[in-house]
Amino acid sequence: MKAIIAIVVLAAVGMAALFVMSSNTVLTVNPEVKIVGVTTPVTVKISNAHGVRRTAAYIEQGSVRFPLTELKTPAHRFFWRRHQASQTLTFDAGKNKAPNLKEGDARIVVEADSDDLAGHTDSTSFAVKVILAPPRVAPDDAQHYINQGGMELAVMTPGGSWSEAGVKVGKYTFRSFPLPGRPEQRFAMFAYPWDLAENVTPMVFARNLAGTEATGQFWFKLFPKKFRTRDFPIDDALMSKLVNQIDPGGTLAPGPDMLSRFLKINGEMRRRNNRQLADLRLKTEEKVLWNGPFLHWGKEESLFADVRNYLYKGKQVDQQVHLGFDLSDTANAPVHVANDGRVVWAADLGIYGNCVVVDHGYALQSIYGHMNRIDVKEGELVKKDQSLGVAGATGMAGGVHVHFSMQIDGVQVNPREWWDEHWIHDRIMSKLDPEAAKAKSESKAPTVTSQPRAKARGRRKR
Ligand SMILES: [Zn+2]
């Protein structure tokens with residue numbers, strides 16, 4: 001009898017211990033979800049040392065609860081596991097999964113049961129807004145002539161439920177701004193970037209807060225361009241000069257030898273510096289700051305999107321694309337700003353050396369690299385032809401020259417178009433400010449763009 005009591009007591013103590021030792025689950029939603037549309041993915045990290053035997057998610061609206069997902073696995077009540085890695089649950093919280101969901105407020109609940117004796121249920125819940133009304137977008141009916149590597153402007157009319165609109169060209173997206181004088185319309189200046197194939201169709205788009213997207217095609221004609229390939233021989237003397245100019249302390253691009261340090265600077269640092277330049281796109285004003293054509297000075301030593309094969313001891317060691325023009329100049333000659341604008345960068349920028357970036361409005365910016373001295377400050381307004389400082393050979397420069405390039409919404413483009421008054425009038429100002437452009441062109445004959453290699457695509461709307 002005593003033995004039986006002892007066994008029962010031991011078992012009870014064991015059960016109690018197992019119960020007390022049972023674990024809890026931590027549920028973390030990442031990334032945060034605030035808006036739910038037709039199909040909105042939700043990802044939850046589930047952490048429990050014993051693992052979980054059930055996970056479930058619901059969306060609740062008023063007193064109604066719609067199930068979204070439920071997963072069960074065989075339970076381990078007595079011989080549970082320890083040190084289980086956290087797991088990730090991803091489910092779809094949109095109207096596709098809950099057809100009776102309505103526009104408005106809702107709450108998402110995620111639950112998990114611990115895989116041990118107690119099987120505690122833990123949960124997390126968060127408020128969301130359901131947005132189901134779709135966006136709409138209508139393109140303009142203008143003819144768009146586009147140079148590969150260059151730019152163009154399109155007007156769009158977004159409608160329905162939308163929060164974001166612009167132009168998409170392959171993997172690139174360009175913001176839109178309100179079209180002056182026509183509040184229901186917007187425009188985007190966009191690039192047909194140099195690294196896209198010739199068969200990409202640019203499109204206007206509008207997107208609602210839930211990420212649902214509408215697109216529209218406009219008429220366009222692309223002029224494909226051939227970009228040059230050039231050999232760029234580099235010897236030990238030039239290599240150590242460049243590496244020591246950019247990283248004298250050996251901390252930015254450490255490596256066992258000069259060549260590996262050079263390749264780090266020419267590759268990783270170049271990409272990082274181009275990313276820093278692209279990020280300046282948000283420092284812009286929503287108005288035209290430029291005035292007439294951009295200034296063109298100096299002799300063209302390298303052209304936009306030249307492909308450079310770096311040759312060292314007779315072997316190709318690297319290949320990079322040069323996104324700008326190298327304009328030769330004499331040491332300590334003034335560097336003139338190409339147009340009116342506001343300085344948004346005036347500091348060292350890795351391979352570009354001492355660098356100035358000027359915003360000309362609507363995310364159009366010009367870049368001046370390798371300067372010996374900078375005489376302007378970030379935030380300063382500058383006038384066309386004003387001196388920004390003096391030319392030099394800082395950064396990745398073998399000799400004195402100005403690296404000049406332009407970017408639209410963070411994507412580098414061929415600046416040549418902006419040196420051409422007719423192009424600016426026909427492709428940009430006539431759409432941005434039709435009245436002013438019309439008045440200006442009344443005295444002169446219209447310019448016609450035609451090139452033999454043109455390819456027409458898209459269809460004319462309306
Ligand atoms: Zn350059």
Carbon-plus-sulfur fraction of the accessible area of the range 23-130, 1.4 Å probe, in percent? 51 percent
Calculate the length of the line joining the C-alpha centroid of the range 295-348 to that of the range 227-242, in whole Å. 14 Å
Rounded to a whole number, what is D in µm²/s for the range 23-130 from Stokes-Einstein with the Kirkwood radius over alpha-carbon pairs (10 °C, 1.306 mPa s)? 111 µm²/s
With a/c under 1.5 counting as rounded, go ahead and sort the chain into rounded, prolate or oblate using the C-alpha gyration tensor (a ≥ b ≥ c being the square roots of the eigenvalues; past the cut-off, prolate if a/b is larger than b/c, else oblate). oblate
Calculate the dipole size of the chain relative to its Cα centre from +1 charges on Lys and Arg beta carbons and -1 charges on Asp and Glu beta carbons; express the result in debye to the nearest 20. 1360 debye
Given the peptides 270-280, 351-361, arrange them by the average over their residues of other C-beta atoms within 10 Å, most packed first. 351-361, 270-280
For the range 229-414: relative contact order, % (alpha-carbon pairs under 8 angstrom, 6 or more apart): 25 percent
Checked the range 268-332 with the C-alpha gyration tensor, a ≥ b ≥ c its square-rooted eigenvalues, rounded below a/c of 1.5, otherwise prolate if a/b is larger than b/c and oblate if not; verdict oblate
Would you mind getting me the FRET efficiency between Glu164 and Arg275? Use the beta-carbon distance for r and R0 = 25 Å, nearest 0.05. 0.70
Gyration tensor verdict on the range 128-284 (Cα atoms; rounded if a/c is under 1.5, prolate if a/b is larger than b/c, oblate otherwise): prolate
How far apart, in nanometres, would the label points at Ile35 and Lys283 be if each is projected 7 angstrom from Cα along the Cα-to-Cβ direction? 2.9 nm
Report the label-to-label distance for Ala127 and Ser328 in nanometres (one decimal), using points 7 Å from each Cα along the Cα→Cβ vector. 6.7 nm
Charge-dipole axis of the range 229-414 as Lys and Arg at +1 and Asp and Glu at -1 on Cβ define it, positive-most pick from Trp290, Val376, Gly395: Gly395
Take the Cα of Lys72, step 7 Å along the line toward its Cβ, and report every residue of the range 118-161 whose backbone nitrogen sits under 16 Å from that point. 119-121
Protection proxy (average C-beta count within 10 Å per residue), highest first, orders 284-293, 338-347 as 338-347, 284-293
So what is the relative contact order of the chain, in percent, for Cα pairs below 8 Å that sit 6 or more residues apart? 12 percent
Share of the range 339-432's accessible area from carbon and sulfur, percent, 1.4 Å? 49 percent
With axes computed from alpha carbons, what is the tilt in degrees of helix 270-279 against the longest principal axis of the chain, rounded to the nearest 10 within 0 to 90? 90 degrees
Dividing the mean separation of Cα pairs under 8 Å (6+ apart) by the residue count of the range 23-130 yields a relative contact order in percent of 37 percent
Whole-Å distance, taken between Cα centres, linking the range 166-200 and the range 1-74: 48 Å
With every protein chain kept in place and a 1.4 Å probe, the chain has an accessible area per residue in Å² of 48 Å²
Acute angle (nearest 10 degrees) that the helix 236-246 long axis makes with the longest principal axis of the chain, alpha-carbon atoms: 70 degrees
Lys102 and His83 label points (each 7 Å along its Cα→Cβ direction) are spaced in nm at 5.3 nm
Across all Cα atoms of the range 229-414, Rg and the largest Cα-Cα distance (Dmax), in Å, are 16.2, 51
Taking 0.36 nm per residue of sequence separation and subtracting the Cα-Cα distance, how much length would be gained by fully extending the chain between Ala17 and Val307, in nm to one decimal? 97.4 nm
Quickly estimate the mean residue ellipticity at 222 nm for the chain, helices only: each DSSP H run with n ≥ 4 gives -39500 (n - 2.57), and the total goes over all residues, rounded to 500. -3500 deg cm²/dmol
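The values are calculated or read from the model by the stated rules, or taken from the named source; none is laboratory data. The structure displayed is predicted, hence computed values, not measured ones. Positions of Cβ are generated from backbone atoms using ideal geometry, with glycine treated the same way; all protein chains shown enter the neighbour counts. The protein model used for the area step is the full one, side chains on, heavy atoms only, and it has no ligands, DNA or RNA in it. Shrake-Rupley method; radii C 1.70, N 1.55, O 1.52, S 1.80 Å.
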